[in-house]
1. I'd like the trypsin sites (Lys or Arg not before Pro) in the stretch 61-131 restricted to DSSP loop residues with at most 13 other Cβ atoms within 10 Å, sorted by number.
2. Set Lys and Arg Cβ to +1 and Asp and Glu Cβ to -1, take the dipole of the stretch 211-329 about its Cα centre, and tell me which of Gln272, Ala230, Pro326 lies farthest positive.
3. What base-10 log of the normalised intensity I(q)/I(0) is obtained for the chain from the Debye formula, alpha carbons as equal point scatterers, at q = 0.06, 0.11, 0.16 Å⁻¹?
4. Quick one: 3J(HN,Hα) in Hz for the stretch 204-219, Karplus 6.51/-1.76/1.60 with θ = phi - 60°, rounded, Gly and Pro as x.
5. Determine the principal axes of the Cα atoms in the stretch 1-108, then give the extent along each, sorted from largest to smallest and rounded to whole angstroms.
6. According to a simple spin-label model (label point 7 Å from Cα along Cα-to-Cβ), what is the distance in nm between Glu285 and Lys123?
7. Multiply the residue gap between Ala310 and Arg137 by 0.36 nm, knock off their C-alpha separation, and tell me the result in nm, one decimal place.
8. Between Asp18 and Ala263, what's the calculated FRET efficiency when r is the beta-carbon distance and R0 is 51 Å? Round to 0.05.
Amino acid sequence: MTSDNMEGGFSPDSTGFDNRITRLFGIRIPLVQAGMIWASGWRLASAVSNAGGLGLIGAGSMYPDVLREHIRKCKQATDKPFGVNLPLLYPDIDKHAAIILEEKVPVVFTSAGNPKTWTGVFKEQGMTVVHVVSSARFAVKSQEAGVDAVVAEGFEAGGHNGREETTTLCLIPAVRRAVTIPLIAAGGIATGRAMYAMMALGAEGVQMGSRFVCTHEASSHQAFKDAVVAAGEGDTILTMKQLTPVRLIRNQFYRQVRAAEDACVPIPGLQQLLGRGRAKRGMFEGDLEEGELEIGQVSALIGDIKPAAAIVNEVWAEFRQAAAQPFHF
Ligand SMILES: Cc1cc2nc3c(=O)[nH]c(=O)nc-3n(C[C@H](O)[C@H](O)[C@H](O)COP(=O)(O)O)c2cc1C
(Lines give C-alpha, C1' and ligand atoms only; values in the text may rest on other atoms or scores of the structure.)
Protein backbone atom coordinates (compact mmCIF):
# COMPACT_ATOMS: atom_id res chain seq x y z
CA MET A 1 0.00 0.00 0.00
CA THR A 2 1.38 3.36 -0.94
CA SER A 3 0.15 6.70 0.28
CA ASP A 4 -1.23 7.22 -3.26
CA ASN A 5 -4.04 4.79 -2.46
CA MET A 6 -5.15 7.03 0.38
CA GLU A 7 -5.18 10.21 -1.64
CA GLY A 8 -8.34 12.04 -2.52
CA GLY A 9 -9.49 15.19 -4.20
CA PHE A 10 -12.50 17.25 -5.13
CA SER A 11 -14.45 16.40 -8.24
CA PRO A 12 -13.79 18.90 -11.07
CA ASP A 13 -16.91 20.94 -10.18
CA SER A 14 -16.20 20.63 -6.39
CA THR A 15 -19.66 19.18 -5.72
CA GLY A 16 -18.16 15.90 -4.57
CA PHE A 17 -15.01 14.17 -3.43
CA ASP A 18 -13.16 11.27 -4.98
CA ASN A 19 -11.33 8.96 -2.59
CA ARG A 20 -11.43 5.38 -1.32
CA ILE A 21 -14.47 6.03 0.89
CA THR A 22 -16.65 7.70 -1.74
CA ARG A 23 -15.69 4.98 -4.23
CA LEU A 24 -16.28 2.16 -1.72
CA PHE A 25 -19.86 3.22 -1.02
CA GLY A 26 -20.67 4.96 -4.32
CA ILE A 27 -21.45 8.28 -2.59
CA ARG A 28 -20.67 11.92 -3.37
CA ILE A 29 -19.47 13.19 0.02
CA PRO A 30 -17.34 11.13 2.46
CA LEU A 31 -19.80 11.67 5.30
CA VAL A 32 -21.59 8.82 7.09
CA GLN A 33 -24.64 9.29 9.33
CA ALA A 34 -24.07 6.91 12.23
CA GLY A 35 -26.41 4.06 12.98
CA MET A 36 -28.09 5.01 16.28
CA ILE A 37 -30.64 3.21 18.40
CA TRP A 38 -33.96 5.04 18.68
CA ALA A 39 -32.78 7.73 16.25
CA SER A 40 -31.84 6.44 12.82
CA GLY A 41 -34.71 4.81 11.00
CA TRP A 42 -35.47 4.97 7.27
CA ARG A 43 -36.42 8.65 7.33
CA LEU A 44 -33.02 9.83 8.57
CA ALA A 45 -30.98 7.30 6.59
CA SER A 46 -32.72 8.06 3.28
CA ALA A 47 -32.50 11.84 3.85
CA VAL A 48 -28.73 11.64 4.35
CA SER A 49 -28.22 9.30 1.39
CA ASN A 50 -30.34 11.57 -0.82
CA ALA A 51 -28.18 14.52 0.25
CA GLY A 52 -24.99 12.77 -0.92
CA GLY A 53 -23.70 11.09 2.24
CA LEU A 54 -24.24 7.53 3.45
CA GLY A 55 -27.26 7.01 5.69
CA LEU A 56 -27.38 4.08 8.10
CA ILE A 57 -30.43 2.44 9.66
CA GLY A 58 -29.70 1.53 13.30
CA ALA A 59 -30.82 -2.08 13.74
CA GLY A 60 -29.95 -2.16 17.46
CA SER A 61 -33.33 -0.94 18.67
CA MET A 62 -35.45 -2.77 16.09
CA TYR A 63 -37.19 -6.11 16.20
CA PRO A 64 -36.41 -8.11 13.04
CA ASP A 65 -39.74 -7.36 11.32
CA VAL A 66 -39.33 -3.66 12.11
CA LEU A 67 -35.86 -3.70 10.59
CA ARG A 68 -37.25 -5.26 7.39
CA GLU A 69 -39.91 -2.57 7.19
CA HIS A 70 -37.32 0.20 7.61
CA ILE A 71 -35.08 -1.30 4.92
CA ARG A 72 -38.00 -1.52 2.48
CA LYS A 73 -39.15 2.04 3.19
CA CYS A 74 -35.58 3.30 2.82
CA LYS A 75 -35.36 1.63 -0.60
CA GLN A 76 -38.55 3.43 -1.63
CA ALA A 77 -37.31 6.77 -0.30
CA THR A 78 -33.92 6.76 -2.02
CA ASP A 79 -32.22 5.22 -5.01
CA LYS A 80 -28.84 6.04 -3.45
CA PRO A 81 -26.71 3.58 -1.44
CA PHE A 82 -27.52 3.20 2.26
CA GLY A 83 -26.55 0.74 4.96
CA VAL A 84 -27.52 -0.90 8.23
CA ASN A 85 -25.63 -0.65 11.52
CA LEU A 86 -25.65 -4.01 13.25
CA PRO A 87 -24.42 -4.30 16.85
CA LEU A 88 -23.12 -7.88 16.97
CA LEU A 89 -23.87 -8.56 20.63
CA TYR A 90 -27.63 -8.08 20.36
CA PRO A 91 -29.93 -11.07 20.88
CA ASP A 92 -31.65 -11.03 17.47
CA ILE A 93 -28.40 -10.95 15.51
CA ASP A 94 -29.08 -14.11 13.43
CA LYS A 95 -32.50 -12.87 12.38
CA HIS A 96 -31.19 -9.36 11.67
CA ALA A 97 -28.34 -10.73 9.55
CA ALA A 98 -30.74 -12.94 7.58
CA ILE A 99 -32.98 -9.96 6.81
CA ILE A 100 -30.07 -7.76 5.74
CA LEU A 101 -28.98 -10.52 3.33
CA GLU A 102 -32.50 -11.25 2.04
CA GLU A 103 -33.17 -7.57 1.43
CA LYS A 104 -29.80 -7.20 -0.34
CA VAL A 105 -28.68 -4.16 1.65
CA PRO A 106 -25.44 -3.02 -0.01
CA VAL A 107 -23.52 -1.95 3.12
CA VAL A 108 -23.33 -3.15 6.73
CA PHE A 109 -21.53 -1.41 9.59
CA THR A 110 -20.98 -3.92 12.39
CA SER A 111 -20.11 -2.86 15.94
CA ALA A 112 -19.87 -4.13 19.53
CA GLY A 113 -18.53 -7.60 18.83
CA ASN A 114 -15.99 -9.73 17.01
CA PRO A 115 -15.77 -8.89 13.28
CA LYS A 116 -14.51 -12.42 12.52
CA THR A 117 -17.93 -13.95 13.16
CA TRP A 118 -19.93 -12.18 10.47
CA THR A 119 -17.62 -10.46 8.00
CA GLY A 120 -17.11 -13.58 5.84
CA VAL A 121 -20.83 -14.28 5.70
CA PHE A 122 -21.66 -10.78 4.44
CA LYS A 123 -18.66 -10.55 2.11
CA GLU A 124 -19.61 -13.86 0.43
CA GLN A 125 -22.87 -12.22 -0.60
CA GLY A 126 -21.03 -9.26 -2.11
CA MET A 127 -21.76 -6.77 0.65
CA THR A 128 -19.45 -3.98 1.77
CA VAL A 129 -18.54 -4.54 5.43
CA VAL A 130 -17.27 -1.89 7.83
CA HIS A 131 -16.48 -2.49 11.51
CA VAL A 132 -16.45 0.09 14.33
CA VAL A 133 -13.41 0.07 16.66
CA SER A 134 -12.08 2.18 19.51
CA SER A 135 -8.40 1.17 19.37
CA ALA A 136 -5.63 0.51 16.86
CA ARG A 137 -5.45 -3.08 18.15
CA PHE A 138 -9.04 -3.80 17.16
CA ALA A 139 -8.55 -1.99 13.86
CA VAL A 140 -5.81 -4.50 13.03
CA LYS A 141 -8.08 -7.40 14.04
CA SER A 142 -10.83 -6.00 11.83
CA GLN A 143 -8.46 -5.70 8.89
CA GLU A 144 -7.39 -9.32 9.47
CA ALA A 145 -11.06 -10.35 9.53
CA GLY A 146 -11.39 -8.97 6.00
CA VAL A 147 -13.53 -5.86 6.49
CA ASP A 148 -13.49 -3.23 3.72
CA ALA A 149 -12.99 -0.27 6.08
CA VAL A 150 -13.01 0.66 9.75
CA VAL A 151 -14.71 3.40 11.73
CA ALA A 152 -12.39 4.54 14.52
CA GLU A 153 -14.53 6.07 17.25
CA GLY A 154 -13.01 8.20 20.01
CA PHE A 155 -13.90 8.71 23.66
CA GLU A 156 -15.91 11.87 22.90
CA ALA A 157 -18.55 9.89 21.02
CA GLY A 158 -22.13 9.39 22.06
CA GLY A 159 -23.37 5.90 22.86
CA HIS A 160 -21.23 2.86 23.59
CA ASN A 161 -17.59 3.53 23.77
CA GLY A 162 -14.16 1.96 24.21
CA ARG A 163 -12.69 1.13 27.60
CA GLU A 164 -9.33 2.64 26.58
CA GLU A 165 -10.77 6.17 26.63
CA THR A 166 -8.67 7.20 23.63
CA THR A 167 -9.76 10.54 22.21
CA THR A 168 -10.44 10.88 18.50
CA LEU A 169 -7.44 13.19 18.16
CA CYS A 170 -5.10 10.45 19.40
CA LEU A 171 -6.98 7.49 17.92
CA ILE A 172 -7.09 8.50 14.25
CA PRO A 173 -3.31 8.84 13.71
CA ALA A 174 -2.74 5.59 15.64
CA VAL A 175 -5.25 3.66 13.53
CA ARG A 176 -3.92 5.28 10.34
CA ARG A 177 -0.48 3.96 11.22
CA ALA A 178 -1.78 0.49 12.10
CA VAL A 179 -3.95 -0.40 9.08
CA THR A 180 -3.97 0.14 5.33
CA ILE A 181 -7.72 -0.22 4.71
CA PRO A 182 -9.92 2.91 4.39
CA LEU A 183 -10.47 4.77 7.65
CA ILE A 184 -13.53 6.70 8.82
CA ALA A 185 -13.20 8.94 11.90
CA ALA A 186 -15.98 9.25 14.50
CA GLY A 187 -16.46 10.96 17.84
CA GLY A 188 -16.82 14.68 18.38
CA ILE A 189 -17.37 15.62 14.72
CA ALA A 190 -20.24 17.96 13.87
CA THR A 191 -18.79 20.53 11.46
CA GLY A 192 -16.92 20.76 8.18
CA ARG A 193 -13.86 22.07 9.99
CA ALA A 194 -13.80 19.00 12.26
CA MET A 195 -14.17 16.85 9.15
CA TYR A 196 -11.21 18.66 7.59
CA ALA A 197 -9.16 18.12 10.76
CA MET A 198 -9.89 14.39 10.69
CA MET A 199 -8.85 14.13 7.05
CA ALA A 200 -5.63 15.98 7.93
CA LEU A 201 -4.95 13.26 10.53
CA GLY A 202 -5.35 10.47 7.99
CA ALA A 203 -9.06 9.68 7.94
CA GLU A 204 -10.70 9.33 4.55
CA GLY A 205 -14.23 10.05 5.74
CA VAL A 206 -16.18 10.85 8.89
CA GLN A 207 -19.13 9.38 10.74
CA MET A 208 -21.37 11.76 12.70
CA GLY A 209 -23.91 10.61 15.27
CA SER A 210 -24.91 13.26 17.80
CA ARG A 211 -25.33 16.00 15.17
CA PHE A 212 -27.87 13.87 13.30
CA VAL A 213 -29.95 13.25 16.44
CA CYS A 214 -30.89 16.93 16.19
CA THR A 215 -32.68 16.61 12.86
CA HIS A 216 -36.32 16.63 11.88
CA GLU A 217 -35.96 13.12 10.48
CA ALA A 218 -34.42 11.45 13.58
CA SER A 219 -36.99 9.27 15.32
CA SER A 220 -35.78 10.39 18.77
CA HIS A 221 -38.30 12.09 21.08
CA GLN A 222 -38.53 15.87 20.73
CA ALA A 223 -37.71 16.29 24.44
CA PHE A 224 -34.45 14.37 23.94
CA LYS A 225 -33.53 16.48 20.90
CA ASP A 226 -34.22 19.63 22.94
CA ALA A 227 -32.08 18.28 25.81
CA VAL A 228 -29.21 17.72 23.37
CA VAL A 229 -29.49 21.29 22.10
CA ALA A 230 -29.54 22.53 25.72
CA ALA A 231 -26.55 20.40 26.80
CA GLY A 232 -23.35 22.32 27.54
CA GLU A 233 -19.75 21.49 28.31
CA GLY A 234 -19.43 18.75 30.89
CA ASP A 235 -23.05 17.64 30.69
CA THR A 236 -22.16 14.19 29.30
CA ILE A 237 -20.10 11.50 30.99
CA LEU A 238 -18.76 8.05 30.19
CA THR A 239 -20.30 5.63 32.63
CA MET A 240 -20.97 1.90 33.22
CA LYS A 241 -17.35 1.12 32.51
CA GLN A 242 -17.60 -2.26 34.24
CA LEU A 243 -20.51 -3.41 32.16
CA THR A 244 -20.39 -1.67 28.81
CA PRO A 245 -19.10 1.91 28.77
CA VAL A 246 -21.61 4.41 27.46
CA ARG A 247 -21.54 8.21 27.14
CA LEU A 248 -24.79 9.82 28.24
CA ILE A 249 -26.27 12.97 29.70
CA ARG A 250 -25.97 13.25 33.50
CA ASN A 251 -29.50 12.83 34.85
CA GLN A 252 -31.33 10.91 37.56
CA PHE A 253 -30.73 7.59 35.79
CA TYR A 254 -27.00 8.34 35.62
CA ARG A 255 -26.96 9.17 39.33
CA GLN A 256 -28.64 5.80 40.10
CA VAL A 257 -25.98 3.98 38.08
CA ARG A 258 -23.24 5.97 39.78
CA ALA A 259 -24.62 5.17 43.25
CA ALA A 260 -24.83 1.48 42.37
CA GLU A 261 -21.24 1.49 41.09
CA ASP A 262 -20.03 3.33 44.19
CA ALA A 263 -21.79 0.71 46.31
CA CYS A 264 -19.95 -2.02 44.32
CA VAL A 265 -23.20 -3.59 43.16
CA PRO A 266 -22.13 -6.69 41.19
CA ILE A 267 -22.62 -6.83 37.41
CA PRO A 268 -25.98 -8.68 37.41
CA GLY A 269 -27.37 -5.93 39.66
CA LEU A 270 -26.12 -3.25 37.25
CA GLN A 271 -27.62 -5.18 34.35
CA GLN A 272 -30.94 -5.22 36.14
CA LEU A 273 -30.76 -1.49 36.79
CA LEU A 274 -30.00 -0.80 33.16
CA GLY A 275 -32.55 -3.19 31.74
CA ARG A 276 -33.32 -2.98 28.06
CA GLY A 277 -36.00 -0.40 28.46
CA ARG A 278 -34.00 2.56 29.80
CA ALA A 279 -32.62 3.66 26.44
CA LYS A 280 -36.07 3.53 24.85
CA ARG A 281 -37.58 5.35 27.82
CA GLY A 282 -35.10 8.21 27.54
CA MET A 283 -34.40 8.66 23.86
CA PHE A 284 -37.66 7.46 22.30
CA GLU A 285 -40.25 8.21 24.96
CA GLY A 286 -38.61 11.40 26.21
CA ASP A 287 -38.30 10.59 29.94
CA LEU A 288 -35.36 12.90 30.60
CA GLU A 289 -34.79 11.82 34.22
CA GLU A 290 -35.43 8.07 34.42
CA GLY A 291 -34.30 7.22 30.88
CA GLU A 292 -30.85 6.69 29.37
CA LEU A 293 -29.84 9.64 27.15
CA GLU A 294 -26.92 8.62 24.93
CA ILE A 295 -25.13 11.56 23.32
CA GLY A 296 -21.57 12.78 22.66
CA GLN A 297 -19.49 15.64 24.05
CA VAL A 298 -20.11 17.52 20.82
CA SER A 299 -23.68 18.12 22.01
CA ALA A 300 -22.20 21.24 23.66
CA LEU A 301 -21.64 22.63 20.16
CA ILE A 302 -25.04 21.70 18.72
CA GLY A 303 -27.46 24.60 18.84
CA ASP A 304 -30.37 23.72 16.59
CA ILE A 305 -32.62 21.08 15.10
CA LYS A 306 -32.87 21.12 11.32
CA PRO A 307 -33.35 18.89 8.27
CA ALA A 308 -30.62 16.27 7.80
CA ALA A 309 -29.91 17.52 4.26
CA ALA A 310 -29.17 21.01 5.63
CA ILE A 311 -26.54 19.50 7.93
CA VAL A 312 -24.93 17.53 5.10
CA ASN A 313 -24.86 20.66 2.90
CA GLU A 314 -23.46 22.88 5.65
CA VAL A 315 -20.75 20.41 6.65
CA TRP A 316 -19.76 19.96 3.03
CA ALA A 317 -19.66 23.75 2.36
CA GLU A 318 -17.55 24.34 5.48
CA PHE A 319 -15.23 21.47 4.58
CA ARG A 320 -14.64 22.95 1.14
CA GLN A 321 -14.01 26.36 2.64
CA ALA A 322 -11.55 24.92 5.18
CA ALA A 323 -9.75 23.05 2.41
CA ALA A 324 -9.44 26.28 0.44
CA GLN A 325 -8.35 28.40 3.41
CA PRO A 326 -7.37 26.08 6.27
CA PHE A 327 -6.27 28.81 8.69
CA HIS A 328 -8.89 31.46 7.95
CA PHE A 329 -11.04 31.88 11.06
C1 LIG B 1 -28.22 8.24 20.41
C2 LIG B 1 -27.06 7.40 19.95
C3 LIG B 1 -27.26 6.06 19.69
C4 LIG B 1 -26.20 5.27 19.20
N5 LIG B 1 -26.44 3.96 18.89
C6 LIG B 1 -25.46 3.23 18.29
C7 LIG B 1 -25.72 1.92 17.81
O8 LIG B 1 -26.84 1.40 17.90
N9 LIG B 1 -24.70 1.24 17.23
C10 LIG B 1 -23.44 1.78 17.09
O11 LIG B 1 -22.55 1.13 16.52
N12 LIG B 1 -23.17 3.02 17.55
C13 LIG B 1 -24.14 3.75 18.11
N14 LIG B 1 -23.88 5.04 18.51
C15 LIG B 1 -22.56 5.62 18.21
C16 LIG B 1 -22.62 6.26 16.81
O17 LIG B 1 -22.76 5.24 15.85
C18 LIG B 1 -21.39 7.12 16.44
O19 LIG B 1 -20.24 6.34 16.24
C20 LIG B 1 -21.13 8.22 17.43
O21 LIG B 1 -22.32 8.90 17.72
C22 LIG B 1 -20.10 9.19 16.88
O23 LIG B 1 -19.79 10.18 17.79
P24 LIG B 1 -20.58 11.60 17.92
O25 LIG B 1 -21.82 11.27 18.67
O26 LIG B 1 -19.64 12.44 18.68
O27 LIG B 1 -20.84 12.07 16.53
C28 LIG B 1 -24.92 5.83 19.01
C29 LIG B 1 -24.73 7.20 19.30
C30 LIG B 1 -25.78 7.97 19.73
C31 LIG B 1 -25.54 9.44 19.98
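The values are calculated or read from the model by the stated rules, or taken from the named source; none is laboratory data. Every value quoted in this text rests on a predicted model; they were computed, and no experiment measured them. Every residue, glycine among them, receives a Cβ derived from its backbone with ideal geometry; neighbour counts consider all protein chains shown. Areas reflect the complete protein model, heavy atoms only, side chains present, ligands, DNA and RNA absent. Shrake-Rupley method; radii C 1.70, N 1.55, O 1.52, S 1.80 Å.
1. The qualifying sites are Lys104.
2. Final value for the positive-end residue is Gln272.
3. -0.18, -0.64, -1.46
4. 10, x, 10, 10, 10, x, 3, 4, 7, 5, 8, 10, 5, 7, 5, 7
5. So the extents along the principal axes, rounded to whole Å, are 43, 31, 23.
6. The two pseudo-label positions are separated by 4.2 nm.
7. On the way: separation 173, 0.36 × 173 = 62.28 nm, distance 3.61 nm.
In short, 58.7 nm is gained.
8. In this case the efficiency is close to 0.40.
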